[in-house]
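Note sheet for the following structure.
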Amino acid sequence: MLRGLFLTTLLVAGVAFVAAAGDSGSANAESGRQLYAENCAACHGRYGEGDGPVSGALMVTPPDLTQLAARNSGKFPGAVVADYIDGRKTVAAHGTRSMPVWGMEFWLQAGADKAAEAKIKKKIDALVGYIAGIQD
Ligand code: HEC
C-alpha cells in the first residue's frame, strides 16, 4: 500500500518533469523514450545520468545508465539490462532492491493476466532499445 503510493508519487513527479521539459506528446506513447521519461527519469535523470529529481531522496544513488556499455568493455549488455529492469528474477534471487520491480508494475498495469506477459516484454524491449541508444 505504502509502496504503491510511493510509486504513484514518483510517476506523477516523472510526468510533471517531462511535461515541464516540453517533451510530451511528440513520440508514440509506447516508445522507449516515452516509457523512460514516464517511469525512469524521476530517478535516473532526463539523460540517464543518475541525477533525476528523486535521486537525492533514495538510499541508493541511481546508476548512470549512459555508462553501461563502457562498464562492460564497450559492449552494451542488453539481456542483463532487460532482466534487471524486469527484476522479478533478480529479486527472487537476491532479495529487495531500491529500484521498483518493473516486471511486476507493468504486469499489473497490463491487466495482470496471461496476455500481460507479452505486453511487459514489449515495454522492456523498448526501454532496453532506448537505453542502448544513450550509451556514451
Ligand atoms: C525509485 C527510483 C528508480 C526508478 C523510478 C528507476 N530506477 Fe533504475 N535503479 C534505481 C537504483 C537505486 C538502482 C541501483 C540498484 C538498486 O538498488 O536497485 C537502479 C538500477 C538500474 C539498472 C542497473 C544499472 C547497473 O548499474 O547495472 C538499470 C538498467 C535501471 N535501473 C534501469 C531503469 C529503468 C529502465 C527504469 C524505468 C523503467 C528505472 N530504472 C527506474 C532507481 C530507480
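Assuming 0.36 nm per residue, please report the length gained on full extension of the stretch ALA112 to SER31 beyond their Cα-Cα distance.
Fully extending the segment from ALA112 to SER31 adds 27.0 nm.
Cα to Cα, under 15 Å, and not fewer than 8 places away if on the same chain: which aspartates and glutamates meet these conditions relative to LYS121?
The qualifying aspartates and glutamates are GLU30, ASP83, ASP86, GLU105, ASP113.
For GLY87, enumerate residues with amide H under 5 Å from its amide H, sequence gap 5+ or separate chain, H modeled in the peptide plane.
GLY103
Output wanted: per-residue J couplings in Hz (rounded whole) for the range 101-114, from phi through Karplus 6.51 cos²θ - 1.76 cosθ + 1.60, θ = phi - 60°, x for Gly and Pro.
Ordered by residue, 3J(HN,Hα) equals 8, 5, x, 6, 4, 5, 5, 5, 4, 8, x, 6, 10, 4 Hz.
No lab work stands behind these numbers, since they all come straight from the coordinates. All values derive from a computational prediction rather than experimental measurement.
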